[in-house]
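One structure below.
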Amino acid sequence: MSELTTVPKAIAGPSSYLDDRIGAGNFLKRNLRKVFPDHWSFLLGEIALYSFVILLLTGTFLTLWYKPSMLEVPYDGPYAPLKGVMMSEAYASSLEISFEVRGGLLMRQMHHWAALLFVAGMVVHMLRVFFTGAYRKPRELNWIIGVLLLTLALAEGLTGYSLPDDLLSGAGLRITEGVAISLPLVGTYITFFLFGGEFPGHDVMSRFYALHILLIPGILLALISAHMVLMWVQKHTQMPGKGRNDKNVVGAPFYPAFMAKAGAYFLFTFAVVAGLATFTQINPIWIFGPYTPADVSAGSQPDWYMGFLEGSLRLMPAWEINMFGTAHAGTLPLSVIIPALVPMGIIMTGLALYPFLEQWVTGDRREHHVVDRPRNNPHRTSIGMAAITFYGVLWLLGANDELSAFFQINLNWTTYAGRVLVFAGPAIAYMITYRICLGLQRSDAAVISHGVESGVIKRLPHGEFIEVHTAPADDIEAHVRGKKAVPMLPVEEDRSGIPPKGMRGPIGKLRARMSKAYGGEKIPLEEAHGDGHGHEEHAAVGSGSGSGSDDDGRSLTH
């Protein structure tokens, strides 16, 4: 107990110094010893945080030489193949950074790799939070902030990707303009504000530059700060295990354990980004050349996080609606509007609403500080895998031309297959995931009922060979027994046959059916294989797979 109550000198000294001057001693003493749960998956979110720090550092370096101008100039730099070619100052300055500024190419590539890692870290962190149910009360607000952060990160990546004004990014910018202008009512206004007139215009780079280095990063910084403050107040959720519950926190203090771990992990992330930038080339803009509206490079693909929008555009049939039967009265290009809005709307809106929809279905309004294992909430896990499959099919078919060329498959057939898989794939993923979750729950029940395999083979008096099972270790058993039944609404009718309040009417009946399907205990931990004669007997010795074993398990006690 003395270790927990005694304040280390490294904390007491600075705390006393600041307390004498600004009265912050008690604040520092309390917060530097704040205990946080400890689990490797909590570091996934830190990858995104540290990547953002690297983006700020490298981006500041790049702003010193980049010129956000569409003014055309002849190139007179050291790259011989482009000598005398007319290009925008934005592209010329990007080439200058790559070939003439000391360390410029390294900074450019670190910036690009960090951007990819930033979005990837956010996605993986969000998946961890979703599959474990860490978004539940009291963390719904932090979940919404996370969804906003991911949406803004996509917009930040799009604006940054367009700034070099090379042929590849210019083609992507042309697609962006086509999507924006196709939106009903607001499309022409959005296009005017972004491009300042007809595409590509003379203001697009300066406006994208302002968005990329000022507006969006400012909002990101504010939201990240709010996200971290809420995390600090609420702390991480903790994994189920020995001695852990919703009333305590089992872990290590912020100082020195968490601080040392975080510092080392930042250096590791920085080293990985620097290593990728040093040894792995990315976005060689000098090969693509300057953007001209008449040219499109073969096999052009966006960065991975925008690939699903590319895929949705390629899969969508060429549908459109001519208002009042004539194109002159107005046209709704569904082949652009639906791919641009529906996939993003399904994913982002679904993420934002899911905590509240789950609360409505289950009626669970308790605070949760211990997370679920994904297998223990099979419907949530299956929904998550269905969404990943939906995203993955769109992402994969964003390269349908490359797939067609590489595998020698007709391009139309890859498109037709994608149109089927975008609907069938999520349904198949849901069913497979649900069955896997139930199988893993049965495996957990077997561990509790029969114990774990010991590797010791025993021969019974009547000649049967079995493997001796032993009781699981305390931490493993506590981890498995941390399972809780998924909450569900009380749907039973009273003696007069009247359903509970809120379960009446069409919506109430639908809610009751959804709650019954989503909630409840699917595979109880006490459920053993066979007909379950004797928990202690099964935990001590398990039957082998030989044909001589008795079905009722009586041979296990011989």
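Output wanted: per-residue J couplings in Hz (rounded whole) for the range 251-259, from phi through Karplus 6.51 cos²θ - 1.76 cosθ + 1.60, θ = phi - 60°, x for Gly and Pro.
Those phi angles translate into x, 10, x, 4, 10, x, 4, 5, 5 Hz.
Magnitude of the Cβ-charge dipole of the range 176-323, K/R +1 and D/E -1, about the Cα centre, nearest 20 debye?
Value, rounded to 20: 1080 debye.
Using helices alone, I'd like the mean residue ellipticity at 222 nm for the chain: each DSSP H run of four-plus residues gives -39500 (n - 2.57), total over residue count, nearest 500.
So the helix-based figure for the chain works out to -19000 deg cm²/dmol.
Calculated FRET efficiency, ALA485 and ALA252, Cβ-Cβ r, R0 25 Å, to nearest 0.05?
0.20
Using amide H atoms built in the peptide plane, which far-off residues or other-chain residues are under 5 Å from LYS458 H to H?
ILE466, GLU467, VAL468
Considering Cα pairs under 8 angstrom that are at least six residues apart, work out the relative contact order of the chain and quote it in whole percent.
Averaging sequence separation for qualifying contacts and normalising by length gives 15 percent for the chain.
Quickly work out the ILE287-to-ILE498 label distance, labels modelled 7 Å from Cα along the C-beta direction, and quote it in nm with one decimal.
Spacing of the two 7 Å Cα→Cβ label points: 7.4 nm.
Roughly speaking, to the nearest percent, how much of the chain's 1.4 Å accessible area is carbon and sulfur?
66 percent
Using 0.36 nm per residue of separation minus the Cα-Cα distance, give me the extension gain between ILE457 and GLU72 in nm, one decimal.
Extra length available between ILE457 and GLU72 comes to 130.5 nm.
For labels at PHE423 and ALA226 in the simple 7 Å Cα→Cβ model, what's the distance in nm?
3.9 nm
Quick check: the angle from helix 334-362's long axis to the longest principal axis of the chain, C-alpha only, nearest 10 degrees?
Long axis of 334-362 versus the principal axis of the chain: about 30 degrees.
For the range 217-330, rounded, prolate or oblate, judged on the Cα gyration tensor with a ≥ b ≥ c (square roots of eigenvalues), a/c < 1.5 rounded, else prolate if a/b > b/c?
oblate
Which FRET efficiency value, to the nearest 0.05, do you get for VAL468 and SER41 by plugging their Cβ-Cβ distance into 1/(1 + (r/R0)^6) with R0 = 45 Å?
That pair, VAL468 with SER41, gives E of 0.85.
Among PHE130, ALA155, ALA80, pick out the residue whose Cα is farthest towards the positive end of the charge dipole of the range 60-155, where Lys and Arg carry +1 and Asp and Glu carry -1 on C-beta, about the Cα centre.
PHE130
Would you work out if the chain is rounded, prolate or oblate? Take a ≥ b ≥ c from the square roots of the eigenvalues of the alpha-carbon gyration tensor; rounded if a/c is under 1.5, else prolate when a/b is larger than b/c, oblate otherwise.
prolate
Please list, in chain and number order, the residues 5+ apart from VAL370 or on another chain whose amide H is under 5 Å from its amide H, with Hs placed from the backbone.
Under 5 Å from the amide H of VAL370 lie the amide H atoms of GLN238, each far enough along the sequence or on another chain.
Report the charge-dipole magnitude of the range 282-400 in Debye, nearest 20, computed about the Cα centre from +1 at each Lys and Arg Cβ and -1 at each Asp and Glu Cβ.
With Lys and Arg at +1 and Asp and Glu at -1, about 360 debye.
How much net charge surrounds MET86 when only the other residues with a Cβ under 13 Å from the Cβ of MET86 are counted, with Lys and Arg +1 and Asp and Glu -1?
Result for the local shell: -3.
Would you work out the charge dipole size for the chain about its Cα centre, treating the Cβ of every Lys and Arg as +1 and the Cβ of every Asp and Glu as -1, and quote it to the nearest 20 debye?
So the magnitude is around 1500 debye.
For the range 302-412, what is the accessible area per residue in Å² when the probe is 1.4 Å?
50 Å²
Using the heavy atoms of the protein chains alone and a 1.4 angstrom probe, what is the accessible area of the range 1-144 per residue in square angstrom?
Per-residue value: 50 Å².
The values are calculated or read from the model by the stated rules, or taken from the named source; none is laboratory data. A quick note: this is a predicted structure, and the numbers were derived from the prediction, not measured. Counting neighbours? That spans all protein chains shown, and the Cβs are built from the backbone with ideal geometry, glycine included. Remember, those area values only see protein heavy atoms, side chains included, never the ligands or the DNA or RNA. Shrake-Rupley method; radii C 1.70, N 1.55, O 1.52, S 1.80 Å.
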